[in-house]
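The values are calculated or read from the model by the stated rules, or taken from the named source; none is laboratory data. It should be emphasised that the depicted structure is a prediction, and the values quoted were computed from it without experimental measurement. Cβ coordinates were reconstructed from backbone atoms using ideal geometry, including for glycine residues, and neighbour counts include every protein chain displayed.
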Amino acid sequence: MAFITLTTDFGRKDHFVSAVKGAIYNLLPETTIVDISHEISPFNITETAYILKNAYRSFPKGSIHIIGVDSEMTPENKHIALLLDDHYFVCPNNGIMSLIASEINPTKIVEINIHDRVETSFSVLDVFVNVACHIARGGTLEVIGKPMTEIKKTVELQPQTISENKILGSVIYIDNYGNVITNITKELFNTVGKGRDCVISVGRYTFKKVHSKYSDIVNFELPTHQRNAPGTKMALFNSGNYLEIAIYKSNLQTVGGASTLLGLDYRSSISIEF
């Protein structure tokens, strides 16, 4: 039986997550449900895409990913199911999948058309659950939707190459530690930079070195009292290969993080000059 994952902006206070899980178990008692995140900022499709893009590949091929962010069906926000990278996604057609599929084209896309058979005011519970369970039983996409060739596009995850010497990007996500993730990938950085020195500017702060892991900021050959301490600001490429501005051993509840200490927020600008 395939894994079914849930990524939503429902939070944990209300009944929504439990209701969705209960509905899945009612249809498929033997399935395994995995929560990717329910703490997405409300209606934030860029944040959703960043989290899911970095999570789904860790699951087995054939896994089914339900996305419940900005999911109310409207004439401009239809529901789709698609096969991408041997994974299934059931979601609104609001641009999320164009961000996730920026490097890989979907193998198959359908516009879900079972709404006339399902009375609902809660699409994730009544429509997405039924579609996901249909796929988990081995059902085909054509049974629950009509074929499509394109999905709605958004380019918010894409930085701009201003010239052969400059990249302009922005903050797309702030993690649990207050680390600030930008939309500039390691691949783009290396392609434009060609090994040259650089100056990274974000807010009123600059960085001249990009690290590969957090502890790179510490010279462990120095005596403890001479090392960079927790609270040192740094730039690095994170595990998803995105450029990140961080505070070494940050904690939003105590010392703060890059977002609070450096005054950075979602959509803050960042530039790199080589």
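Things to note:
The rows are residues; the columns are (1) outside the structural domain of GLY178 (by TED's automatic domain parsing); (2) of a type in the set (Phe, Trp, Tyr); (3) surrounded by 15 or more Cβ atoms within 10 Å (Cβ to Cβ); (4) not in a loop (DSSP other than H, G, I, E, B).
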| position | (1), (2), (3), (4) |
| --- | --- |
| ALA229 | no, no, no, no |
| LEU236 | no, no, yes, yes |
| GLY240 | no, no, yes, no |
| LEU243 | no, no, yes, yes |
| GLN253 | no, no, no, no |
| THR260 | no, no, yes, yes |
| LEU264 | no, no, yes, no |
| ARG267 | no, no, no, no |
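- Qualifying residue in the stretch 214-231 (condition: among the β-branched types (Val, Ile, Thr) and under 24 Å from ILE40 (Cα atoms)): no
- Pick from the stretch 198-219, criterion assigned to a loop (DSSP other than H, G, I, E, B) and touching a Phe, Trp or Tyr at 6+ places or on another chain (Cβ under 7 Å), ranking: surrounded by the most Cβ atoms within 10 Å (Cβ to Cβ): CYS198
- Pairs where the first residue, in the stretch 1-28, is closer than 11 Å to GLY68 by Cβ and at pLDDT 95 or above and the second is in a helix (DSSP H, G or I) and of a type in the set (Lys, Arg), C-beta under 8 Å, 6+ apart: LEU6/LYS21
- Residue, farthest from GLU103 (Cα to Cα), within the stretch 155-198, restricted to residues that are over 14 Å from the mean Cα position of the chain (by Cα) and among the acidic types (Asp, Glu): ASP197
- Residues being surrounded by 14 or more Cβ atoms within 10 Å (Cβ to Cβ), aliphatic (A, V, I, L, M) and not in a strand (DSSP E or B) - total across the stretch 137-153: 3
- Considering residues of the stretch 174-194 that are in contact with a Phe, Trp or Tyr (Cβ under 9 Å, 6 or more places away or on another chain) and farther than 19 Å from THR48 by Cβ only, the residue surrounded by the fewest Cβ atoms within 10 Å (Cβ to Cβ): LYS194
Residue-wise test of (1) more than 18 Å from ALA258 (Cα to Cα); (2) without any contact (Cβ under 8 Å) to a residue 40 or more places away in the chain; (3) out of contact with any helix residue (DSSP H, G or I) (no Cβ under 8 Å at 6 or more places or on another chain).
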position	(1), (2), (3)
GLU150	yes, no, yes
TYR173	no, no, no
ASN183	no, no, yes
LYS208	no, yes, yes
VAL218	no, yes, yes
LYS233	no, yes, no
PHE237	no, no, no
